[in-house]
Each structure stands twice: as C-alpha cells, then as structure tokens.
Amino acid sequence: MTGQSGREPALPDPSRDPQLGGEAALLHLVEQARSDDPDVRQRAVFALAAAGDDRVVEGLGALLHDHDGTPPHIRSRAVRALAPMGGQQALQLVVEAVIHDPDWGVRRTAQLAAAHLDPQRAGDLLIAYLDTPPVHNGHRAIAAIQHLPTPRAITWLIEAGQDPVRMAIYADSLIGALGRTGDPRAVPVLLEALTNPRLRPYEPVIHALARTGDPRAVNALFTMLTSTETDSRRAAAWAIIDVVPRWHAARLEAHLIRLLADDSSRTRSAAARGLAAVGGRLSVEPLAACLVGEVDWWVRLNVARALESLRVEGHPITDPVLAALGADPLHTADALVEIRLPEAVPTLLGLLADPEVGQNAARALGHQRDARAIPALVRRARGEGRAAVAAVRALGRLGVAAPGLRARLDDGDSLMRHAAVFALAVLGVRSAAPDLRARLAHLLGATAAEGIHDSPGEYLQRQLADSLGMLGDRTALPLLVRVLEEGL
C-alpha cells in the first residue's frame with residue numbers, strides 16, 4: 001500500500017488511456033475515488049485533481065481527514081491540489097487542515113494554500129477558532145492569520161490583542177505575531193501589554209516592540225533600560241541593540257555604559273554586546289574597567305569583543321587595557337585572547353612564570369601571533385602543569401613545534417596529550433597521522449569492549465578526530481564515522 005511504503009501513487013491520465021475517454025474517463029475515476037482500496041482511491045483522486053474536475057473535492061477531503069491512513073506527504077499533496085480549485089468547500093477543507101492536521105508540514109502547506117485561495121474569507125474562518133476549544137486551535141489560527149496577504153490580517157490580530165480575554169489566553173502567540181508583522185499599528189497593543197502584570201516577564205513584549213522599529217517603541221525600550229526590574233533591563237538591553245537608528249547611538253551608549261555595572265551578568269553581557277555595535281571613544285575606559293574583577297566568563301568574552309571592535313574602528317584602547325592588565329592580570333589576560341594588542345606582549349611574557357596567571361598569559365600570547373613570545377613559550381612548554389599545556393597550544397598557533405612534541409602524545413597529563421594532538425594538526429604534521437589513527441582506533445576499541453564513557457576519553461576521541469580531519473587523512477574516514485555515530 002502507498003500509505004505503508006511512503007511512495008506517491010502513480011497518476012493515471014485519462015487523455016492517454018485508449019480504453020477511456022472524455023466524460024466516461026472522469027466518471028470511471030469518480031467511481032474509483034470511492035473505492036475501499038486506499039491505493040486505488042488515492043490514484044483516482046489525484047488523477048481527477050490533475051484533470052481539474054471539481055468532483056475531486058470530496059475525495060481530497062476524505063484523504064485529509066484520514067490522519068491515520070493517509071501519510072503526511074499525501075495529505076500535503078491533497079492540500080496543494082485544493083489550492084487552485086477555489087470555492088467555499090475547498091477553502092473550508094484547507095482551513096480545517098490548518099487547525100486540525102497533526103503534522104506541522106501539512107499545516108504549513110495548508111497556511112499557504114489558504115492565502116492562495118481567498119485570504120479574506122480564510123481569515124474570517126480562522127479568527128472564529130480563537131473562541132473554539134481546545135486552546136491550541138487558536139494558537140494555530142493566529143500562526144496562519146499572520147501569513148495571510150491581506151491588510152485585514154494585522155487588523156484581526158490587533159482586535160484580538162485588544163480583547164483582554166483573548167490576550168490572556170493567547171498572549172504568547174498574539175505578541176509574537178504582532179511583533180513579526182513589524183506594523184506600527186501594533187505598537188499601542190504592545191505598549192498596553194507592557195503594563196499587564198499577567199504578562200511578566202516582559203521579554204516577548206519587549207522583543208516584539210523592537211521588531212516594529214517604531215519611535216514610540218524605541219522610547220519605551222529606552223525607558224525599560226532604567227527599570228528597577230532586572231529581567232526588564234536585560235530584555236531591553238538585548239532587544240534594543242538591533243533596532244535603534246544610528247542617530248540614537250550616543251543616547252544608547254550612555255545607557256549601556258551604565259548597565260556595565262548591573263547586578264545581572266546577562267545584562268552586563270547585553271550591554272557589552274551593544275557597545276560593540278554603537279560604542280565610541282567614551283565606551284573604551286568603562287569596558288576596560290569592566291574586565292577588572294569580572295568573574296563571569298561570558299561577560300568577559302563580550303567585553304573583550306567590544307574592545308576589539310572599537311580597536312578595529314580606530315579608537316585607542318591600549319592604555320585602558322594595559323591598566324586593567326596591571327590591576328587584574330588573571331581576568332584581563334584571559335580577555336586578551338580576543339583582543340589583538342601587541343603592546344601587551346611584554347607584560348604577558350612577565351606573567352608566564354606566575355603559577356596562577358601563567359596559563360591565561362600563554363593562551364593570550366598564542367593569539368597575539370607575536371614572534372617575541374616564542375623563546376619564552378618554548379621554555380614554558382618544557383615544564384609541567386596547565387601553563388605548559390597552554391604554551392604547547394600557543395606554539396602550535398605560532399607555527400612552532402614545542403620541544404618533544406611527539407613524545408607528549410604519551411604524557412601522563414590528559415590535557416597535555418590533547419594539546420599535543422591539537423598542535424600536530426595545526427602545524428600540519430602529516431607524518432603524525434598514522435600514530436593519531438592508531439590511538440583513535442585503540443580508544444574506540446576500548447570504548448566498544450569495556451563500555452568506557454569517561455569525559456576525558458571521549459574528549460580525546462573528538463580531538464583526535466578533529467586533528468585527523470585537519471590533516472586531511474582520508475584513510476581515517478571509517479574511524480571518523482564511528483566517532484560521529486557514537487557521539488549521536
């Protein structure tokens with residue numbers, strides 16, 4: 001059967017069948033469309049659809065309603081067959097598929113078909129589902145209405161948003177739909193939603209306002225930046241970045257600089273990300289100062305990227321960053337992985353021997369790509385500990401093999417083994433590929449035989465696989481496939 005195999009039925013063409021012709025062929029297909037055999041029924045229905053016969057609507061409806069017996073791809077095809085037919089019955093069937101079909105792909109096809117058939121009448125039918133249980137009917141109706149190519153679509157959504165009962169039930173769908181339209185007429189409804197205590201937290205409303213780009217929405221977002229509620233400040237900071245016109249940059253910069261000291265790390269991250277886009281000379285010192293004592297890695301990453309962005313734009317960041325490096329070498333050295341600052345190399349070299357900061361200093365030197373760091377990194381790579389591991393990786397980035405690099409593959413420290421594998425791959429040492437393949441095969445065999453699933457072993461597998469890929473070793477493909485399969 002077609003439903004079991006998943007293949008679409010072959011479509012008989014009455015015009016090419018010597019045994020059938022004209023009205024007799026159509027009558028024959030109509031009779032077959034009522035067959036108890038699903039294969040026969042489907043072939044006949046689609047043949048009638050191809051012939052443009054209106055009598056096929058009933059048969060297509062039967063296919064759409066049979067969710068268990070008709071595969072999703074056949075139901076989607078039935079919807080597409082209804083689209084060019086027109087008529088109230090075809091539209092009703094398509095709207096029912098929008099609401100009731102269990103398959104998302106079929107529902108999406110039905111949304112497009114409804115927009116093609118008659119957007120106005122489709123909207124009238126869909127909006128009625130907002131008052132029809134169960135609740136998911138209304139959510140699906142809203143999803144379809146926002147795609148209808150008619151000016152009435154935004155009106156229907158606004159009217160639904162102004163209804164307190166409908167807004168209470170369908171808040172998420174309505175707010176998202178109103179925001180996606182980007183229509184300024186939605187702004188009053190969204191501003192009203194900001195004052196609704198039932199819709200807290202306000203993040204969906206704030207992001208919906210941001211999508212409209214309307215001046216009233218922008219002013220509301222600026223107000224939210226000074227809110228006493230942490231969630232509101234954070235959401236506004238994330239949302240406002242991509243919609244504020246450039247002429248508001250100075251105004252926004254001042255707000256974001258203040259938010260760098262916010263209690264919420266997510267708000268500080270959003271502020272730093274925003275300053276990367278709209279910041280100027282005034283942002284440099286506050287961003288550099290934010291590195292001092294900042295324990296949240298994600299915040300440091302965004303601050304460092306903002307400073308690098310400002311450096312590329314020509315803003316002087318050297319003195320503030322060096323001051324931060326002197327005040328808090330541990331966290332600022334970590335941030336220098338993202339910032340290209342040759343002036344920091346001498347200070348970082350002096351920190352290599354520090355047992356606490358040495359690892360971050362070595363990582364930063366590897367990313368500075370400065371030849372002055374090579375002798376000190378070579379000496380550091382001969383030692384032990386996290387700083388030595390970072391030095392081996394840094395030398396690889398600088399195109400230099402650490403002393404005894406191949407021997408490090410058997411180091412007792414798993415992190416050092418990982419670093420050696422990484423460095424060999426970055427350096428393009430193809431002669432190491434057989435050894436790396438053998439080690440990966442051994443690890444995979446141990447996993448299969450003993451059920452080993454420890455994190456260090458799995459991480460080394462991935463590191464070996466990545467390195468063999470970087471070396472372009474085609475003979476390792478079977479092993480790489482096994483790593484992928486075990487990862488899945």
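Assorted remarks:
- Taking 0.36 nm per residue of separation and subtracting the Cα-Cα distance, full extension of the segment from SER265 to LEU194 would add 23.2 nm.
- Note on ARG258/GLU31: beta-carbon distance plugged into 1/(1 + (r/R0)^6) with R0 of 56 Å gives a FRET efficiency of 0.15.
- Distance in nm between pseudo-label sites at ALA353 and VAL40 (7 Å out along the Cβ direction from Cα): 9.4
- With θ taken as phi - 60° and the Karplus curve 6.51 cos²θ - 1.76 cosθ + 1.60 applied, the whole-hertz 3J(HN,Hα) list for segment 383-395 is x, 10, x, 5, 5, 5, 4, 5, 5, 4, 5, 5, 4 Hz, x standing for glycine and proline.
- Ranked list, fewest to most other Cβ atoms within 10 Å of each Cβ, for MET470, MET224: MET470, MET224
- If only the Cβ of Lys and Arg carry +1 and only the Cβ of Asp and Glu carry -1, the dipole of the chain around its Cα centre is close to 1620 debye.
- The listed peptides 385-397, 203-215, ordered by packing as a protection proxy, come out as 385-397, 203-215 (highest mean of other Cβ atoms within 10 Å first).
- Residue order, fewest to most surrounding Cβ atoms within 10 angstrom, among ARG233, ARG311: ARG311, ARG233
- Using 0.36 nm per residue and subtracting the Cα-Cα separation, the extra length available between ARG372 and VAL292 on full extension is 26.2 nm.
- Ranking of PHE46, PHE422, PHE222 by neighbouring Cβ atoms within 10 Å, starting from the fewest: PHE222, PHE422, PHE46.
- Each Lys and Arg contributes +1 and each Asp and Glu -1, all at the Cβ; summed about the Cα centre of segment 284-425, the dipole is approximately 720 debye.
- Percent RCO, i.e. relative contact order, over the chain, from Cα pairs under 8 Å lying at least 6 residues apart: 5
- With K and R counted +1 and D and E -1, the other residues having a Cβ less than 15 Å from that of PRO184 yield a net charge of +1.
- Residue-wise HN-Hα couplings along segment 308-323, as the Karplus relation 6.51 cos²θ - 1.76 cosθ + 1.60 with θ = phi - 60° gives them from phi, are 5, 4, 5, 4, 4, 6, x, 7, x, 10, 4, 4, x, 6, 5, 5 Hz; Gly and Pro carry x.
- The 3J(HN,Hα) values that the Karplus relation (6.51, -1.76, 1.60; θ = phi - 60°) gives for segment 126-138 are, in residue order, 5, 5, 5, 6, 5, 10, 10, x, x, 5, 5, 4, x Hz. Gly and Pro appear as x.
- Estimated at 0.36 nm per residue, the fully extended path between VAL165 and LEU477 surpasses their Cα-Cα distance by 106.4 nm.
- On Cα atoms only, tilt of 38-51 relative to the major axis of the chain in degrees: 80
- Once you divide the Cα radius of gyration of the chain by 2.2 N^0.38 Å, the number left is 1.38.
Every number in this text was worked out from the coordinates using simple rules, so none of it is lab data. Please read these numbers as outputs of a predicted model, since none were measured by experiment. Note that we place each Cβ from the backbone using ideal geometry, even for glycine, and neighbour counts take in every protein chain shown.
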